[in-house]
Structures are given as structure tokens and as C-alpha cells.
Amino acid sequence: MILSENILFANRYLFIRMLGRGGSSEVWLANDQLSGLQVAIKVYAPGIGLDEDGVQLFSKEFNLVFNLNHPNLLRPTHYDIQERMPYLVMPYIEQGSTMKRIGEFTEKEAWRFLHDVASGLAYLHGKVPPVIHQDIKPDNVLINDDGAFLITDFGISTKMRTTLPTNPLTTGSMTMAYAAPERWSRKNRPTMAGDIWALGASVFELLTGYTPYGELGGRLQYEGAEIPEMEGDWSQKLNQIVEYCLQREPEDRPTANEIVIVCKSYLDNKSVPTEKKPVTGKQIGKATIPISKQEEIHITNPTNPSQKKIKSTKPVSRPTVIKSKPEDTPVLPTPHIPTISNQNNSGKEKIIYIAGAAAIILLLIVFFIFRYTGKPSELPSQRSQMIADSISTPLVAIQPVDTIKTGKTNNKKPTITDSTKISPTNTPDYFLDKGNESFSKGNYTEALDYYRKTGNKVDQGRLKATENCASFLKTADEFFSQQKFEEARNEYRKILVENQFDNNAKQRVKECDEQINSNSHEQK
């Protein structure tokens, strides 16, 4: 069944127009003939349907969705199957998704978006077992009439998503541009921290008009790319919280609950910890004791283990830094060395002489230790420069000084900015990228060759979609060459169901329509 306008779906819902299309679903505005209300219908695997196992899996897992109830979740009102196509009935949100507002968000809207989406995620993550959304992005967050943001497309597990056909810019259950860097590691599994990274990437895009790492998402960050700066006149607090969400390591990101607390403090016009001029260290004598991470970043820092669980909205106070004063500097006393006389050499004077000599030796030892190992006199300027740089360069404030000089992070891989240097050839990731590229261009036979070289890197849903497209294309081209344009058009349309980005198939459908119309006029 091909979905289109003015069809009566499931003998109840009259389709008015398409609201949106994803890699594995379509959303239609429909009129409920029973209630007379306008509703949104989300149809999975449109035009194709699922096998019996897939239908049973959807039915089983969607039962869990109806028990989820939160103000920032768009809860479906009905679930059913039509011609092996699962579908959800949801309230129609006239303003649509935040994708329409990309690049237009104000700072206040960004704080509200962070608060509402994090609030919904905190609810999902608090379930036992936790519900991982896996695909947070502007297109999956709607805006209601009150200006609140609602998460949609939740409750779909990885297993469910892999049974669906996908487009080339998705990897199983995720959209690549919003996928966290750990999804390209050996521990490639959905996590709560992955949802937080996607939230940060979404806010970044809504404010600037583009995602932080383009279509490759966290893949570039996994290979060593730094967090880019957000262009625009945004407050330091907003820059900081987005940067925390986009941290490379999952454990360095805040939880959804922590984000809610920080955002609520801003939205309620309460005091939010502000940025202060960094202090370089504590002066004790001639030595400088380096300050801690908590002293380097002067807003509530979710990445600091000591602050990992925020108990209130009050700003965390900075530790007191002792500034040096001349009278505070401990100075070793100059030993008194008495003049030794041949006539008077008492036991008391011998003790004083030995103690003084020992003090001088100790002072020399301390001097040589500092002179040839620590070089503390150079630390203040280095530390000051490092912290000063951290104000304009994200991530530097939590890296060692060597990172600034060498451009390397933790002595691993150098920072890369050229997307052509992602990985060497002949690796599963390389073949996966090449397969995606071929798929997007409509070269399905070539894509299959690449995908089969990835081992288990490519999900079976995408592999199946590629095989289908290759078969459809072969049949369609044969019909086209035989001038059977209606049959060819149907086959090309099947390709577009699997891969809506295939421009070649779109062009062929257009050519078939022209030939069919031309033949019709000739017959008349």
C-alpha cells in the first residue's frame, strides 16, 4: 500500500498531507472520521511493511510506551497494524518540530529547550530498566502552543529500529550527525550519556544553524577533533553547558537531572554561578601549588566528581585561594654560626654549629631539587596562559599543558580537522563510510560490496535495504529499456521507499511519468 493524500487509512483516518518523512517512517496529518479531530499518524515501514516477527516485536514493545507519562513527552493515543505497517496515532502539534527553527533560536529558547528535553530524558532514564531515546535531534522535538518542547519517537529499542529500513545518513538506531563519539568505539551501545551528547549537538545546531561536526557527528570527535566554538553572542554559561554535553568521554557529561537543575535556576531568574577571572595558583614561598579543576572552571561543573550529584540550585562556592603576602612567606632562618675559639669551645656551641651546618645543607638540597626537577618559577606563567586560553578554546581547560604545546590529547592521537583523515583504508569503518556514500548515490551493487567487507559493522536492516534496492533497480532498468514505463515507475518508487535520497530514481520516476503521459496523449 503506497501512502498518499486523500486515502482512507485503516478505514478511519483520511490522510490530508504529509508532515514529515524519516529513514524508516512517515508522519501524516489526518482527519479522524470517528471523532472529527485532526491527528498525526506515524507509519513505520510505509509501503513495505514488516514480516510477522517484526510485527510481533513492535506490538510487544509499544505496549511499554503507553505506560510512559510526562509533560515533555508526546504520548501516543493509539497503536495498531495496517497491512503489516505499524502506526501510532498522536495529537497533532500544529507548530511542528524545532527543525523549522534551526539557526533561529534565542538564548532564552535554548535554555527552555535544554530544560524541557532534559526533563523528559530524566524521566525516561529514571525508568527500570532505563529507556534510552537513541535519536534526540531537532526533528524529534515538537513545540506546543504554550511554547513547551515535547520529545517524540521515544520507546523504540535498538532491536526494533534495526528491523526497519534506514537512509544512508543513519546508522541503525541513530542519526549520524547527533551520534556520540563512543558509538564508534568497541562499546558501541546506546547509553544515557549518548542522549545527552545528542542534546548538546541539537542545541548547538538550533543556535548556529549547523551541527558541531557536520553529518559525521561524533565520529570526528572520536578520532580526536576538538569541540568547535558556537558562533554567536551567547552567554558564557550557555556555552559552558553545551560544551559539557559534548564532552568526548561519557562520564564527563552531566546527567539529565543535573541539566534540569542548572536550567531551572536560569529560567527562574535565580543566581547562576558566573564566570570569574581565573586564579593561577597559591604562592607558598617560591613554589606555586597548581590549582584544581574546580578552581579552573568557575561555574557549577557537572564533570567534577565531587560535584557529580547536585543537591540544590545554589551555586557551588569556590575554595578559598590563599594569596601570598610578603609577611606570609616562610623563610628559613639564617643559622647563627659562632666564632670558634681555641680557648672556649663548649658543648652548646658545638650543637649550634652542627645544626646550622645541617640547615645550610638542607637549603642547598631544596634549591637543587627545585632547580633541576620542578622549575616552579616557570609554573605561574604557564598556568596563567593555559587558563587564559581556556576562556576562548573549549576543552583546553581540562587538558594538561602539554596538550597546548603539542596539539595532542592524553598523548594519544593528534587533533584532526580534515574529515579526509578519519581513518586508514581497509578498515571496517572505512568500508562502512564508502558503503554509505555509494548508497546515497544510488550505486547499490557497489554499496553491497563495501558493506560485506565491514563484517558486523553494518546492521542487517541497512544491508537488507541495499539488497532490495539493487534488485529493484535491476528490474526497473529492464522494464524501462523495454518501454514498460508503468512497471518501471513502480520499481523506481520501491527504491525511493528504501532510499528517499536517490536522485537517480527520482529522475527515472519523472521520466516514466512523462512517457506515460505522452503515450496517453498519442492514444487520444
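Readers should treat all values here as calculations from the given coordinates under stated rules, not as data from a laboratory. Keep in mind that what you see is a predicted model, and the values were worked out from it rather than measured. All Cβ positions, even for glycine, are placed from backbone atoms using ideal geometry, and neighbour counts span all protein chains on display.
Worth pointing out:
- Listed from fewest to most Cβ neighbours within 10 Å, the set 121, 73 follows the order 73, 121.
- Share of Cα-Cα pairs in the range 440-504 lying beyond 16 Å, as whole percent: 45
- For the range 98-267, average projected area of the Cα convex hull in nm²: 9.6
- The charge dipole of the range 8-91, taken about the Cα centre with unit charges on the Cβ atoms of Lys, Arg (+1) and Asp, Glu (-1), comes to about 320 debye, rounded to the nearest 20.
- Prolate/oblate/rounded label for the range 66-132 (Cα gyration tensor, a/c 1.5): oblate
- By the count of neighbouring beta-carbon atoms within 10 Å, fewest first, 115, 133, 70 end up ordered 70, 115, 133.
- Top positive-direction residue, dipole computed over the range 428-523 with Cβ charges, set 490, 460, 516: 460
- Within the range 482-524, chymotrypsin sites (Phe, Trp or Tyr not before Pro) in DSSP loop having at most 16 other beta-carbon neighbours inside 10 Å: 501
- Protection proxy ranking, peptides 214-224, 104-114, 229-239, average beta carbon neighbours within 10 Å, highest first: 214-224, 104-114, 229-239
- Listed from fewest to most Cβ neighbours within 10 Å, the set 197, 184 follows the order 184, 197.
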